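Written below as structure tokens is the structure these notes are about.
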Amino acid sequence: MTSSGLQPRQDGDAALRLLRDGVLDLEGRLVDASNTTLRGILTLDGMTARCVYKPVRGERPLWDFPDGTLAGREVSAYLVSRATGWGLVPPTVLRDGPLGPGSCQLWIDEPEDAEALVGFLPAGELPPRWIPIAAARDDDGAAYALAHADDPRLARLAVLDAVLNNADRKGGHVLVGADDRIYGVDHGVSFHVEDKLRTVLWGWAGKQLPPDAVEMLDALAGQVAGPLGAELADHLTISEVAGVAARVDRLRETGSFPLPPEDWPAMPWPPM
């Protein structure tokens with residue numbers, strides 16, 4: 001994950017210090033990203049780590065999100081993830097960089113033998129404990145299914161996405177780290193005041209939340225009303241912070257995973 005062995009969860013304070021204060025040298029651009037997304041190397045006091053740097057000036061204007069706010073939403077997703085205690089979003093800060101202010105997130109290296117948790121698989125050949133989400137066909141007309149593993153780590157990510165109102169949970173935004181933990185990345189289009197949840201993790205839609213999620217949401221409600229809400233207010237509007245609290249309360253009241261929307265596309269495109 002890093003040349004110094006820095007771990008995003010086990011050494012969170014050191015990671016945040018490196019992200020905030022480290023010298024940032026750019027390596028190159030991730031060309032598949034819709035906004036300017038750069039990979040760099042951070043160095044500070046003998047520590048080194050790769051990072052993803054997304055400058056505000058490289059954000060593509062969107063019709064439904066205010067200009068220049070995506071970097072702050074990336075940081076907000078990390079703040080909420082940290083408050084849950086689940087560590088699902090890599091450490092992320094807002095800092096100045098070679099192209100100006102932007103979000104800077106610890107890079108997650110996936111091992112070559114990392115097991116995929118989301119993907120298109122031949123229809124009728126799903127592994128045990130995989131949940132089909134949508135039907136598809138390849139260019140030759142062969143039937144496939146978009147599916148994900150029935151994995152409690154993914155279920156936690158689905159709960160987090162419901163809290164964040166994540167409008168872009170693609171399968172490719174789910175990473176498996178070297179420590180066998182999963183991470184969600186790319187949260188720039190989250191926290192809208194309108195319901196915009198779009199995800200490939202619909203396998204638990206309408207089902208009862210697991211006990212650990214209920215316990216987490218109970219604790220998170222108090223944090224949003226207190227220190228977490230104050231932190232989020234540095235990056236989000238008052239209405240958007242209130243929206244976080246409202247979504248937490250709604251999940252607690254229903255006790256179940258949300259259902260796909262009827263007036264909004266349920267999945268991002270492309271889904272992977």
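The values are calculated or read from the model by the stated rules, or taken from the named source; none is laboratory data. Quick caveat: nothing in here was measured; it's all calculated off a predicted structure. Cβ: placed from backbone, ideal geometry, glycine included. Neighbour counts: every protein chain shown. Surface accessibility is based on the protein's heavy atoms, side chains included, excluding ligands, DNA and RNA. Shrake-Rupley method; radii C 1.70, N 1.55, O 1.52, S 1.80 Å.
One residue alone among L160, L146 is hydrophobic (A, V, I, L, M, F, W, C) and within 24 Å of A71 (Cβ to Cβ), and that residue is L160. Just one of the numbered conditions (1) touching a residue at least 60 places away in the same chain (Cβ under 8 Å); (2) open to solvent by 30 Å² or more (accessible area, probe 1.4 Å); (3) assigned to a helix (DSSP H, G or I) is not true of W264: (3). Only residues that are over 13 Å from Q105 (Cβ atoms) and in a strand (DSSP E or B) were counted in the stretch 26-46, giving 7. Would a scan of the stretch 116-125 turn up a residue that is under 30 Å from A219 (Cβ atoms) and under 17 Å from the mean Cα position of the chain (by Cα)? Yes, the conditions are met somewhere in the stretch 116-125.
Right, G203: touching a strand residue (DSSP E or B) at 6+ places or on another chain (Cβ under 9 Å) and either under 26 Å from A145 (Cβ atoms) or open to solvent by 30 Å² or more (accessible area, probe 1.4 Å) (or both) or not?
Numbers: touching a strand residue (DSSP E or B) at 6+ places or on another chain (Cβ under 9 Å): yes; either under 26 Å from A145 (Cβ atoms) or open to solvent by 30 Å² or more (accessible area, probe 1.4 Å) (or both): yes.
It is true that G203 is touching a strand residue (DSSP E or B) at 6+ places or on another chain (Cβ under 9 Å) and either under 26 Å from A145 (Cβ atoms) or open to solvent by 30 Å² or more (accessible area, probe 1.4 Å) (or both).
For R50, the conditions (1) at pLDDT below 95; (2) open to solvent by 60 Å² or more (accessible area, probe 1.4 Å); (3) within 23 Å of D179 (Cβ to Cβ) are fulfilled apart from (1).
Working carefully through the options D151, D113, find the one that is closer than 30 Å to L259 by Cα and of a type in the set (D, E, K, R). It would help to see each step written out before you state the result.
Working: D113 fails: closer than 30 Å to L259 by Cα.
Every option except D151 fails the conditions.
I want to confirm something. Restricting to the stretch 230-239 and keeping residues that are assigned to a helix (DSSP H, G or I) and over 19 Å from V93 (Cβ atoms), which single residue is least open to solvent (accessible area, probe 1.4 Å)? Walk me through it before giving the result.
Going through the stretch 230-239, the residues assigned to a helix (DSSP H, G or I) turn out to be 230-232, 238-239.
Subsequent filtering for residues that are over 19 Å from V93 (Cβ atoms) retains 238-239.
Numbers: I238: 150, S239: 76 Å².
Within the stretch 230-239, the match that is least open to solvent (accessible area, probe 1.4 Å) is S239.
Identify all residues within the stretch 79-102 that are without any contact (Cβ under 8 Å) to a residue 60 or more places away in the chain and within 19 Å of H192 (Cβ to Cβ); write none if there are none. Once the filter is applied, which keeps residues that are without any contact (Cβ under 8 Å) to a residue 60 or more places away in the chain and within 19 Å of H192 (Cβ to Cβ), the stretch 79-102 yields nothing.
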